[in-house]
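Trainee: Once you've had a glance at the structure underneath, I'll fire off some questions.
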Amino acid sequence: KVSRIHCKALQSKIMTAEEAAALISSGDNVGMSGFTGSGYPKAVPLALAKRIETANSAGEKFRIGVWTGASTAPELDGALAKVDGVEMRLPYQSDPTCRKRINAGEMEYIDIHLSHVAQFVWFGFLGKLNIAVVEVAGILEDGRLIPSSSIGNNKTWLEQADKVILEVNSWQDSRLEGMHDIYYGTNLPPNRQPIPMVHPHDRIGDPYLHCDPDKVIAIIETYSPDRNSDFSAPDEKSRLIAGHILEFLEHEVKRGRLPKNLLPLQSGVGNIANAVMAGLNHGPFENMTAYTEVLQDGMLELLHSGKLVSASATAFSLSDKALVQLYAHLDEYKDKIILRPQEISNHPEIIRRLGVIAMNGMIEADIYGNVNSTHVMGSAIMNGIGGSGDFARNAYISIFMTPSQAKDGQVSCIVPMVSHVDHTEHDVQILVTEQGLADLRGLSPTQRAKVIIENCAHPNFKPALRDYHKRALEHSFGKHTPHLLDEALSWHQRYLTTGQM
Ligand code: 0RQ
């Protein structure tokens, strides 16, 4: 095996994951790499979890702050949550054990717009970052780092942490070198300059991460795959949702509101988003581009077919099957895919300038167009807002999509009032369910309510929604956004009490 650590000065720092984990103290805030199952450290978090388990069973209270790019994997979030080793988690997670602890009130969690995280750390809003634990694909002679399959917040972790632990993972394909674009032109207000990007495929930075070698306290060599999740083949509802979106986009092109090759696409996580990408592959649009956060299977297919000419993201989020395809054609994709820090992939300035078409999943929407992406029944966190808010507010068109019902039809995803708000009515232009699409542009709240109920709600819940809106129009204190306050959240309470909305 050829070592990927070419910097002589750093070779003396190589040690085992257990030795490295011993350098992390209880109370430390640890900035970990990792974004949707890509590029997370695979060895140190597991060794740390063991250490924490031993300490906690001896009566110590060993807990750390875990800051990441976004969600990671069972070997990081799952392992640390299992041993109750996390005091504070931010900014996005999707791990079942982690979620359980958060919803049981046993773990603190802050859900932050993904583009905000790096700058909040620079501003000092989140406290001191003690240690960075970052996976890389290799180390150059001069100490610069070859990033791996995600960038996330790694640039900021390496710069802001007092100490750095590196995991050099030789499973990561060495041909990733050159695909990344790390922008080093950021400044703090009042010294910020415009970010010099005008096309989604512009390169504005350096392909390598910089790191002060004196801060590196440990290097661990690993050979371990990313944890990739599989997508299910698009089901009927996802196909219908994708169909409505495609029809809408074609209509917008005909009306001259979108160019023929559309505008840069952003696509959220999950099966519906993937189905939309599959739909686009059979649709009429050519020469499309993507300015998005994660590159999923569907987008890779679009690159493969040539429909998509370039894709900018902060991470790969591919199934095992798609990963095989990626690596089989990496040389071909190399110039077409750019991985950036998440504060750039999700930057409001760039999203607004490029005119991104944002497509994100949601838990529920209300009849006025407010969207809940994160909380079940107003109080239990699912994952987090992720990048959806970065894109929704700044997009050219912001689309939210969901099946019209959840929980085997016991729950309506269109409700009188959302039980938690992530995206306000002002940031939502299009709502889509398998029932249809509601175009909310240019409509007042009561006009929106009619379109949302008629086009998006499931027939089982339509009569009750119509009835609520009609009575609200008659009895509401104000007639601008009519509500019956003692009834607005009764659907959620009814579900909690009876198991049915
Ligand atoms: O839970 O599996 O326990 O039954 O929510 O729902 O239908 O599988 O949908 O996987 O597309 O996720 C909003 C969570 C949708 C996702 C959300 C329950 C449902 C199921 C998942 P079970 P589905 P998806 C940028 C974009 C925020 C981050 C984001 C998300 C589970 O899209 O996390 O947009 N978005 N990032 O049963 C009760 C309802 C429900 C409900 C669904 N109304 N009431 N439960 N569920 N609707 C990319 C990144 O940031 C990385």
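The values are calculated or read from the model by the stated rules, or taken from the named source; none is laboratory data. Predicted, not measured: the structure shown is a model, and the values here were computed from it. Every residue, glycine among them, receives a Cβ derived from its backbone with ideal geometry; neighbour counts consider all protein chains shown. Each accessible area value is taken on the protein alone, full model and side chains, heavy atoms only, with ligands, DNA and RNA left out. Shrake-Rupley method; radii C 1.70, N 1.55, O 1.52, S 1.80 Å.
Trainee: From the P(r) of the range 168-310, could you give the percentage of C-alpha pairs in the tail past 20 Å?
Mentor: Tail fraction, whole percent: 63.
Trainee: Once you have a ≥ b ≥ c as the square roots of the Cα gyration tensor eigenvalues for the range 260-360, tell me rounded if a/c is under 1.5, and otherwise prolate or oblate according to whether a/b is larger than b/c.
Mentor: The shape class here is rounded.
Trainee: Report the Stokes-Einstein translational diffusion coefficient (µm² s⁻¹, integer) for the range 111-183, Rh taken as the Kirkwood radius over Cα pairs, at 10 °C with viscosity 1.306 mPa s. Show your work: numbers first, answer last.
Mentor: On the way: Rh = 13.3 Å.
Using the Kirkwood radius from Cα pairs, D works out to 120 µm²/s.
Trainee: Something else now. Multiply the residue separation of residue 474 and residue 406 by 0.36 nm, subtract the distance between their alpha-carbon atoms, and state the gained length in nm to one decimal.
Mentor: Extra length from residue 474 to residue 406 when fully extended: 21.5 nm.
Trainee: What percentages make up the Cα-Cα pair-distance distribution of the range 39-82 when the bins are 5 Å wide from 0?
Mentor: 5, 23, 32, 23, 10, 5, 1
Trainee: Using only the alpha carbon atoms of the range 1-62, find the Kirkwood hydrodynamic radius as the inverse mean reciprocal pair distance, in angstroms to one decimal.
Mentor: It is 13.6 Å.
Trainee: Per Stokes-Einstein, at 37 °C and 0.692 mPa s, what whole-number D in µm² s⁻¹ belongs to the chain, with the Kirkwood radius over Cα pairs as the hydrodynamic radius?
Mentor: It comes out at roughly 140 µm²/s.
Trainee: Cα centroids of the range 171-203 and the range 74-92: how far apart, whole angstrom?
Mentor: The two parts, judged by their Cα centres, are 29 Å apart.
Trainee: For residue 254 and residue 128, compute 0.36 nm times the residue count separating them, minus their Cα-Cα distance, and round to one decimal in nm.
Mentor: In short, 40.1 nm is gained.
Trainee: Accessible area per residue, 1.4 Å probe, Å², for the chain: what's the number?
Mentor: 39 Å²
Trainee: Further, regarding this structure: Longest span of the chain, sites excluded, free of chymotrypsin sites (Phe, Trp or Tyr not before Pro) in DSSP loop with at most 16 other C-beta atoms within 10 Å?
Mentor: Looking at the chain, 224-476 is the longest stretch - no exposed chymotrypsin sites (Phe, Trp or Tyr not before Pro) with at most 16 other Cβ atoms within 10 Å.
Trainee: Is any residue of the range 1-24 close enough, with backbone N under 18 Å, to a label point placed 7 angstrom from the Cα of residue 141 along the Cα-Cβ axis, and if so, which?
Mentor: What the label zone holds, given the 18 Å backbone N cut-off, is 3-12.
Trainee: Oh, and also: What Kirkwood Rh does the range 426-501 have if only Cα atoms enter the pairwise 1/r average? Answer in Å.
Mentor: 13.4 Å
Trainee: Using the alpha-carbon centroid of each, what span in Å lies between the range 420-468 and the range 282-358?
Mentor: 30 Å
Trainee: From the Cα gyration tensor of the range 129-249, with a ≥ b ≥ c the square roots of its eigenvalues, which class applies: rounded if a/c is under 1.5, or else prolate if a/b is larger than b/c, or else oblate?
Mentor: Oblate shape, in that a/c is at least 1.5 and b/c is the bigger or equal ratio.
Trainee: Please give the length that would be gained between residue 217 and residue 441 if that part of the chain were fully extended, namely 0.36 nm times their separation in residues minus their C-alpha to C-alpha distance (nm, one decimal).
Mentor: Value of the extension gain: 75.2 nm.
Trainee: Hey, another quick one. Please list, ordered by chain and number, the residues whose modelled amide H lies under 5 Å from the amide H of residue 370; skip anything fewer than 5 residues away on the same chain.
Mentor: 425
Trainee: In addition: From zero outward in steps of 5 Å, how is the percent of C-alpha pairs of the range 297-349 spread across the bins?
Mentor: Once binned at 5 Å, the Cα pair distances of the range 297-349 give 5, 20, 29, 25, 13, 7, 2.
Trainee: At what distance in nm do the modelled label points of residue 486 and residue 233 sit from each other, each positioned 7 Å from its Cα along Cα→Cβ?
Mentor: 5.3 nm
Trainee: Highest first, please rank the peptides 251-261, 23-33 by the mean number of other Cβ atoms sitting within 10 Å of their residues.
Mentor: 23-33, 251-261
Trainee: OK, next. Tabulate in residue order the Karplus-calculated ³J(HN,Hα) for the range 384-396, using 6.51 cos²θ - 1.76 cosθ + 1.60 with θ = phi - 60°, rounded to whole Hz; enter x for Gly and Pro.
Mentor: x, 6, x, x, 4, x, 4, 7, 4, 5, 9, 6, 6
Trainee: Take the alpha carbon gyration tensor of the range 1-135, find the square roots of its eigenvalues, order them as a ≥ b ≥ c, and report rounded if a/c is under 1.5; if not, report prolate when a/b exceeds b/c, else oblate. All intermediate terms of the calculation are to be shown ahead of the outcome.
Mentor: Working: a/c = 1.64, a/b = 1.23, b/c = 1.33.
Oblate shape, in that a/c is at least 1.5 and b/c is the bigger or equal ratio.
Trainee: Enumerate the calculated ³J(HN,Hα) couplings along the range 298-315 in order (Karplus 6.51 cos²θ - 1.76 cosθ + 1.60, θ = phi - 60°), each rounded to whole Hz, writing x wherever the residue is Gly or Pro.
Mentor: Rounded to whole hertz, the list is x, 6, 5, 4, 5, 5, 5, 7, x, 5, 9, 8, 7, 9, 10, 8, 10, 7.
Trainee: For the pair residue 247 and residue 500, what calculated FRET efficiency results from E = 1/(1 + (r/R0)^6), where r is the Cβ-Cβ distance and R0 = 35 Å, to the nearest 0.05?
Mentor: For R0 = 35 Å, the calculated efficiency reads 0.60.
Trainee: Okay, moving on. Just to confirm my numbers, what's the Cα centroid distance between the range 103-147 and the range 3-45 in Å?
Mentor: The range 103-147 and the range 3-45 have Cα centres spaced 13 Å from each other.
Trainee: Now for a different question. Roughly how much of residue 424 is accessible, in Å² to the nearest 10, using a 1.4 Å probe?
Mentor: Surface open to solvent at residue 424 totals about 40 Å².
Trainee: Taking amide hydrogens as modeled 1.01 Å from N in the peptide plane, which residues meet the under 5 Å criterion relative to residue 208, leaving out close sequence neighbours?
Mentor: 182
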